[in-house]
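Taking it in order: structure first as structure tokens, then the write-up.
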Amino acid sequence: MFVTLDLFSALVDSRAGAAPVLADLAPEAVDGALLYDEWDTRSKATQRDRTDWVPFAEHCRAALAATWSTHGWPTDDSVALTDRLLASLPDWPLWPDVADALPRLSATHRVGVLSNVDDDLLARTRVAPLVAEADRLTSQRLRAYKPAPALYRRAVGAGVDVHVPASARDTRGALEAGLLVVRVARPGHRVDPAGPRPAHVVTDLHDLPAVLESLDVEA
């Protein structure tokens, strides 16, 4: 069974990783967690709304520039600021269960990543050593961004059987595209109340193999 997980919600605590960096980059004192929420919301919006494909790093830059502009801060150095933000990716922490649970899962299943990210950025993260390069289904490779149905259809075409999201948009997007979903509940993430609800939810990735086994039996 080919099982993919989202990078920035299911595997990496991106808020914990990016918030202090954004606070340090800001030209005045600000709550880094709130600044992250502003930036992340704008980044997700441009990934959803932009019709032409551009690198994930450009979505990050556009979101940072828009966030800075809202605060009345200069945006002419948005490229350099984004480079500094993304340079911190190796320090963004994994959720506590990932380092142990993912290798255990890989012993019995093909495990990959299905995520909005550029190849080189994923390679910087702490997830990279845990997932084979060939099984990193990035938006760069699939030429689409969540929550577009095209990304999920192309993932199925690449052999994905089950996807494990955490965020609202990924859970809804995968379900509406017809993927089999096992959601991992993470702090700060929820299910979209306007969308379908996943039939299978775990709170720890160590519990995922048992759910996958039950799905395999049902199939």
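So if I check each of ASP83, ASP40, which one is under 30 Å from VAL211 (Cβ atoms), part of a helix (DSSP H, G or I) and not assigned by TED's automatic domain parsing to the domain that holds GLY159?
From the options ASP83, ASP40, the qualifying one is ASP40.
Here are some residues: THR4, THR51. Which one is part of a loop (DSSP other than H, G, I, E, B) and within 20 Å of the chain's Cα centre (by Cα)? It would help to see each step written out before you state the result.
Working: THR4 fails: part of a loop (DSSP other than H, G, I, E, B).
One residue alone meets the criteria, THR51.
Check region 184-195 and report whether any residue there is assigned to a helix (DSSP H, G or I), charged (D, E, K, R), under 26 Å from TRP92 (Cα atoms) and at pLDDT 95 or above. Give the steps one after another, and end with the answer.
Initial filter on region 184-195 (assigned to a helix (DSSP H, G or I)): none.
The answer is no; no qualifying residue exists.
When you check ALA101 against the structure, is it under 28 Å from LEU205 (Cα atoms), surrounded by 14 or more Cβ atoms within 10 Å (Cβ to Cβ) and out of contact with any Asp or Glu (no Cβ under 7 Å at 6 or more places or on another chain), yes or no? Even if it seems obvious, please write down each step before you answer.
Working: under 28 Å from LEU205 (Cα atoms): yes; surrounded by 14 or more Cβ atoms within 10 Å (Cβ to Cβ): yes; out of contact with any Asp or Glu (no Cβ under 7 Å at 6 or more places or on another chain): yes.
The answer is yes for ALA101.
Would you check if ARG104 is out of contact with any strand residue (DSSP E or B) (no Cβ under 6 Å at 6 or more places or on another chain) and not assigned by TED's automatic domain parsing to the domain that holds THR203? Lay out the reasoning, then the answer.
On the way: out of contact with any strand residue (DSSP E or B) (no Cβ under 6 Å at 6 or more places or on another chain): yes; not assigned by TED's automatic domain parsing to the domain that holds THR203: no.
It is false that ARG104 is out of contact with any strand residue (DSSP E or B) (no Cβ under 6 Å at 6 or more places or on another chain) and not assigned by TED's automatic domain parsing to the domain that holds THR203.
Could you list, ordered by first residue, the pairs with Cβ atoms under 6 Å in which the first is in region 117-129 and touching a residue at least 12 places away in the same chain (Cβ under 8 Å) and assigned by TED's automatic domain parsing to the domain that holds VAL98 and the second is of a type in the set (Phe, Trp, Tyr) and part of a helix (DSSP H, G or I), at least 6 apart or interchain?
Short answer, once both residue conditions are applied: VAL117/PHE56; ASP118/PHE56.
Can you tell me which residue among ALA19, ALA45 is out of contact with any strand residue (DSSP E or B) (no Cβ under 8 Å at 6 or more places or on another chain), at pLDDT 95 or above and buried (at least 17 other Cβ atoms within 10 Å of the Cβ)?
On the way: ALA45 fails: buried (at least 17 other Cβ atoms within 10 Å of the Cβ).
Checking each option against the conditions leaves just ALA19.
Being crowded, with 24+ Cβ neighbours inside 10 Å, in a helix (DSSP H, G or I) and of a type in the set (Val, Ile, Thr) is the filter here, so list the residues in region 116-169 that pass it.
Result: no residue meets the conditions.
Taking THR51, is it touching a Lys or Arg at 6+ places or on another chain (Cβ under 7 Å), over 29 Å from VAL202 (Cβ atoms) and not assigned by TED's automatic domain parsing to the domain that holds LEU175?
Values: touching a Lys or Arg at 6+ places or on another chain (Cβ under 7 Å): no; over 29 Å from VAL202 (Cβ atoms): yes; not assigned by TED's automatic domain parsing to the domain that holds LEU175: yes.
For THR51, the condition - touching a Lys or Arg at 6+ places or on another chain (Cβ under 7 Å), over 29 Å from VAL202 (Cβ atoms) and not assigned by TED's automatic domain parsing to the domain that holds LEU175 - is not met.
Which ones in region 170-183 are in contact with a Lys or Arg (Cβ under 6 Å, 6 or more places away or on another chain) and either surrounded by fewer than 19 Cβ atoms within 10 Å (Cβ to Cβ) or in a loop (DSSP other than H, G, I, E, B) (or both)?
Answer for region 170-183, where residues must be in contact with a Lys or Arg (Cβ under 6 Å, 6 or more places away or on another chain) and either surrounded by fewer than 19 Cβ atoms within 10 Å (Cβ to Cβ) or in a loop (DSSP other than H, G, I, E, B) (or both): there is none.
The values are calculated or read from the model by the stated rules, or taken from the named source; none is laboratory data. Model, not experiment: these values are computed from the prediction. Glycine also receives a Cβ, built like all others from the backbone with ideal geometry; neighbour counts cover every protein chain displayed.
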